[in-house]
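Structure record follows, encoded as structure tokens.
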Amino acid sequence: MYSSDAPGRGLLKVSGILYIIYAGIQVIASFILLSHGFGGFAFLLIIDVVWHLILGIMGVKHCDSLMKSKTLRALAIIDLVLTIIAVFGALFGTGSTLVALAILAVSISFLVGAQKNITELAISMATPRRSYPARTAAQTYVTVPPPETNTLIRRGFMSLEDSQWDKADDFFEQVLNKNPENAKAYVGKLCAQLHLNREEDLLSHKSPIDSFSNYKRAMQFADEKYRATLENYAFTPEEQEKKEQARIQRDFEEKDPVYQSVLGRLDETRARKNPEQCKSLVSDLRALGRYQNAEQILRELGAVTAKDYCPLCNASHQADRATCSQCGITFVK
């Protein structure tokens, strides 16, 4: 999860830049040592360069990533321990005390920045989802976007497919410059922000997205149909699975009593062949749709065994009819 409002962003970015500068200085020092024949010390410096270069790049790249904050904190703790050891070494004459203390300050800043982002992540995960009031009739309107806007939208999503995040964001920004209430453009910017190749990938995003400003804007300006789609994006895959299970349960609770009623009177209706009872049975089976084997039962009941008589209610009919005029069963020949 990325957030331009990540509280530790500044500390992580500055600390990362300082780490990269320090690594550059160490590269120069290692070449000097090599030129004077101190290969062993140069090797140790190269290890130090690689370590701090990794820290610096990670800090700058993921300074606004709340999901990467735990990884950054783990790296910061390791570096802090190593730096404290270096400080003690410097105090006993095996290095520069001033440099060691400077790196210690950077390491602490890096750790504090990562911890701030972790705290923000915990708050974001614990915050209840915001509900968005629907627009009033006066506020809801349909506008037909100009062809140029549609072209920019398409090019933006094509750039997302190619993982060109900055380019995609620029296309969507151009759309908003022309129409600041274009919900699709805000969704595109959100995808670019989260590094997602398609809008549909929002469904499988592991973290809640409803705290992002682009999502909030999209919800604000979306029409009723698109708003329902966006609300579904805000659920994690686990939450979507729970919703689907709930829907299946509701379907079962609504249809199962009818299904059990059909089964209970099926044999009696077939035996008595009363047209009204048969008509009621057929109507209930059709209302069930594909629930359980309702369609199969209808096919079996409509299987024609005599040329001029309904197989269910036994009413006489013309041979070319597709359904019974009395009970409504569809003939299966």
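The values are calculated or read from the model by the stated rules, or taken from the named source; none is laboratory data. Note that the structure is a prediction, hence the values are computed from the model and not measured. Cβ placement follows ideal geometry from the backbone for every residue including glycine, while neighbour counts extend to all protein chains displayed.
I'd like the full set of residues that are surrounded by 14 or more Cβ atoms within 10 Å (Cβ to Cβ) and small (Gly, Ala, Ser), limited to segment 151-173.
Across segment 151-173, the qualifying residues are Gly156, Ser159, Ala168.
So which residues in segment 10-36 are surrounded by 17 or more Cβ atoms within 10 Å (Cβ to Cβ) and modelled with pLDDT under 80?
Scanning segment 10-36 gives Ser30, Leu33.
Which count do you get for residues in segment 53-71 that are at pLDDT 75 or above and either farther than 14 Å from Val14 by Cα or among the basic types (Lys, Arg) (or both)?
Qualifying residue count, segment 53-71: 6.
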